[in-house]
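Pasting a structure here, questions to come.
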Amino acid sequence: MMFIARAMTALSAFRRTSVNTPAAAPARAVPDVITLPPVKALFLCGSPPGSRRRLIDVGRDITFPAQGSAPDLVVSPHAPNDVRYEVCTLHPSVDLVRLAAVGAQFDLSRLGQIQVWQAGVVVAAQSPSDCLALRCRHLYEDEAVYLAAYLRSIGRRWNDPDQRSC
């Protein structure tokens, strides 16, 4: 008899602790999946292999008749031979998708540098000086390129009047 009483007590204690686990939380409390959309972007590329690409335009309607073998490369008729345009579809990194899923906001500083805000605090930045001053993580180059194109595609600019100051 004593064994059954102890077993019942242990079972009731187990039931009480298992009800409070996070797995029992309602599904509506956490959004399922929030994804950032892919962005189609036009870049101007220079001749040296390590030269930096410049973002020219973004949008769905960026199409050019390709000259040459690669369909996404276009040579400008008035530019030197070593300059070309590239049309790329950019995808967000896994870290950016995770940040968006927890409610992070992407913005530009007054100097045109990308910043990621979460709960009123900068959690990632493009500028190394911002990272040091604000003690946040540095955005990788591909993340910064995607966010620059994404922010341009949604109409955000560095000189918007509602821009955050930091």
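State whether one or more residues within segment 93-107 are under 17 Å from Leu139 (Cα atoms), aromatic (Phe, Trp, Tyr) and modelled with pLDDT of 85 or more.
yes
Does Arg157 meet the test of being in a loop (DSSP other than H, G, I, E, B) and surrounded by fewer than 16 Cβ atoms within 10 Å (Cβ to Cβ)?
Yes.
Does Arg98 satisfy the criteria of being basic (Lys, Arg), surrounded by fewer than 13 Cβ atoms within 10 Å (Cβ to Cβ), on the phi > 0 side of the Ramachandran plot and not assigned by TED's automatic domain parsing to the domain that holds Gly59?
no
May I ask you to list the residues in segment 111-139 that are touching a residue at least 40 places away in the same chain (Cβ under 8 Å) and loosely packed, with under 12 Cβ neighbours inside 10 Å?
Within segment 111-139, Leu111 is the sole residue that qualifies.
Answer with yes or no whether Asp142 is surrounded by 12 or more Cβ atoms within 10 Å (Cβ to Cβ), in a strand (DSSP E or B) and of a type in the set (D, E, K, R).
no
Continuing with the same structure: Gln126 is checked against (1) closer than 16 Å to Arg152 by Cβ; (2) within 11 Å of the chain's Cα centre (by Cα) and fails just one. What number does that condition carry?
Only one criterion is unmet by Gln126, namely (2).
The values are calculated or read from the model by the stated rules, or taken from the named source; none is laboratory data. This structure is a prediction, so every number in the text was calculated from the model and none was measured. Cβ coordinates were reconstructed from backbone atoms using ideal geometry, including for glycine residues, and neighbour counts include every protein chain displayed.
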